[in-house]
1. Roughly what would the spin-label model give for A:Asp73 and A:Glu485, points 7 Å off Cα along C-beta, in nm?
2. For chain A, what does the helix formula give at 222 nm: sum of -39500 (n - 2.57) over DSSP H segments with n ≥ 4, over the residue count, nearest 500 deg cm²/dmol?
3. For A:Asp388 and A:Arg124, what is the calculated FRET efficiency with R₀ set at 41 Å and r taken between the beta-carbons, to the nearest 0.05?
4. State log₁₀ I(q)/I(0) for the range B:217-321 at q = 0.10 Å⁻¹ as given by the Debye formula over alpha-carbon point scatterers of equal weight, solvent excluded.
5. Just to be sure I understand: if I project the alpha-carbon convex hull of the range A:195-308 onto a plane and average over all orientations, what area do I get in nm²?
6. Give me, ordered by chain and number, the residues 5 or more places off A:Val85 or on other chains with an amide H under 5 Å from its own placed amide H.
7. Under a crude label model (7 Å from the Cα following the beta-carbon direction), how far is B:Ser8 from A:Arg202 in nanometres?
8. What distance in nm lies between label points placed 7 Å from Cα along the C-beta direction at A:Asp175 and A:Ser314?
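Read-outs throughout are calculated quantities, based only on the coordinates presented, and are distinct from any laboratory measurement. Computed from a predicted structure; not experimentally measured. Positions of Cβ are generated from backbone atoms using ideal geometry, with glycine treated the same way; all protein chains shown enter the neighbour counts.
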Amino acid sequence: MSAPAIELKGISKSFGAVHANRDIDLTVEKGTIHGIIGENGAGKSTLMSILYGFYQADKGTIAVDGARVTIKDSDAAISLGIGMVHQHFMLVEPFTVLENVMLGAEGGALLNRGRAEARKELERLEKEYELNVDPDAIVGDLPVGIQQRVEILKALYRGAEILILDEPTGVLTPDEADHLFRILGQLRAQGKTVLLITHKLREIMAITDDVSVMRQGQMVASRHTAETSVEELAELMVGRRVLLRVEKGEANPGKVKLEVSGLNVVDELGVARVKEASLQVRAGEIVGIAGVSGNGQSELLEAIAGIGPITTGSVELFDIAGEPTPWRPRHGLGHVPEDRHKMGLVTKFLAKENAVLGYQREDEFGSGVMMDKGAVLETCKRHMEAFDVRPPDPNLKAANFSGGNQQKIVLAREIENDPDVLIVGQPTRGVDVGAIEAIHRRLIELRDAGKAILLVSVELDEIRALSDRIIVMFAGEIMGEVGPEATEREIGLLMSGVRDGAAA
Amino acid sequence: MLELLQVSNLDSTIRLATPLLLACLAGLYSERSGVFDIGLEGKILIAAFAGAAVGVTMGNAWIALGAAILTSVAFALIHGVACITFRGNQIVSGVAINFLALGLAAVIGNAMFQMGGRSPQLPNEARLQGGDRALFSWMEDLGPVGEAVHNLFFDQSIFVYLAFAAVPFTWWVLFRTRFGMRLRAVGENPAAVDTAGISVTGLRYRAVICAGILCGLSGATLSMALNSGYINNMSAGRGFIALAALIFAKWRPVQAMMACLLFAFLEASESRLQGKEVLGFEIPVQLVQALPYILVVVLLAGFIGQARAPKAGGVPYVKER
């Protein structure tokens, strides 16, 4: 048996007081796809960054192909045959695919000769791995799925034998993800080693040969994928048993709290995004809006939240007595936006500042022009505890939290403010299993406390698990409404615009 | 109006375009690498001063030119250390460079020459003013056309030839060499360059040094070719006009040359338009002087489409977690 492609022993890395990696051992066999799974902030990305020379380990040794090495920068990693596909692509957008691939491996001071050689090699790689990328396309014009293939091409072009992919499917549609897995299969067939970092259990089960589980900076287990189960992995990740299904009782819908009637949204290009949408959300129920991303859910959500334009139609909120209340967002209406970076957070602000953002004028956070910093801090601490935000440091910039923990900060802010009506967009996008469970439970609790919740999500499983009624949108229109017991097929038909599907 | 197209006005245009073009290309190297350079003006000024001061004291044009370039490069490196190594704010650093240059030139100039900041006239051997008349003088005998060609193309200072040769050269460097490709890449996405195993810092320093050399030539043009000696604040906003031309040209070399020629044409026409009447109205001098600026605002506001700056411009590179 040949030496393992990668062997890590006793790797430790700290950032200040935070132990990102603690005494990690990892063996990756040649020619396999090895999954590394763990919650957000478990230290997966740090470990891979050490392997790619972005950071130096404080302690521990690295062996590649059986030989001990030190990887002091990316250049060293590349020459050892390690390539990385970063979560945020490292591409120069105005450049062509060819230029991006050549960057750093131009083959001489002048570009002409290298360009011809690169083109030949690129065409060979493309054919071999079914990458389907036009070398002369401008990268910025390509969809993300193809940009990711350019990243893979870059690594292969540099002669990568070991390919690290950091959360590769986070930005992909299911189709693109399937194509990626086919490519990874090809790579394995050619004898390459693939390290796949993810927090999605489905992917691990679908494609990997071996899997290692990380939790809070430590490597807690390694398994052959064939000999483990989703349940076991989930438990290892979170450190306790996880309910993959949401347990909830019957809903007790009360009075109507939110009513949307005849809502139309036409964007600046004159395209109708939402057509004649009418819906009601009652106290004590969760209404889910299902649909393939881009079918008007976002525009509907924004219109209801008061941050997007309404062309015609109305959105009304009702108070406890059932009387219409004046339209006052932040007073009784909580909104978790779909895109936390663009709308949910100011990433350059501290966590505690983000924790009160939008509510900063409330009396509890100070009077007059001065803010009560103590109250802000206390609020943030409370939120962090309630939602298990890691690290629980109110004085850390929002940008320095992992995606899932950022999401928890936003959710905590909107939920803990005790809204009457909560509208939630993609509550668990980029969030790990343990946190998903907690977020789902919190939403159910809120429902049982008599709040009205409108949920938009592209995860059909999530919609089905949480909603008491499911509204399906297609091309800006509400296609129909089904109960939570509807099958995936029924909903799927509605999502693709077939109206009779619900009756069939 | 036709007199604006006279040979003498076109000749002025070419000569006035030279320092602008050199400065504009300087900005192009720097900004393509992601380092905004508000300090072009300061570097031009200090180079003009250094060229004049060394020219007066040493009496040798080439030593003076070398001094101008070295001084400008030194100032460029100050900008580099502040913005690249210490990741300071590029605009603030650029403004500081401008003040530093203005102040230092005045103080040192006064200490050296006691002429209120001016330098004495450069001796003839320290000037780089004209072409070699002897070599091409036969053209002047070929009638008015020959004379015009001679005056426009064969009787210019060395800076004119350098500046206009730098245009295709810069294009070639940017789009046909490895250095140029990396330079463009680092201005767009330094993280991509870093992960490809190339030093972001090294690339940006080289770009900033290129800017220093070109600003040095631009300053030397002012004090050693267009004038002979240093006058207080003689750069007179050319660094800023060059920046406007750079945006106007969307950071591309050939278009930069066009923009600089246009601005230089307006500047050259200034004196000829003074006191002229159009439709019975006398054109105010102030309007003529303001024309380049008005033009920039109007053109940028709608006529050239979106000018997209290098994406990483102005942002110091910090490795992300």
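1. It is 6.5 nm.
2. Values: 15 runs with 159 residues, N = 504.
After summing the helix terms and dividing by residue count, I get -9500 deg cm²/dmol.
3. Working: r = 49 Å, r/R0 = 1.19.
Working from the Cβ atoms, E equals 0.25.
4. -0.41
5. Numbers: hull surface 46.5 nm².
For the range A:195-308, the mean projected area of the Cα convex hull comes to 11.6 nm².
6. Placed amide hydrogens put A:Ile164, A:Leu165, A:Asp166 under 5 Å from A:Val85.
7. 8.1 nm
8. 4.1 nm
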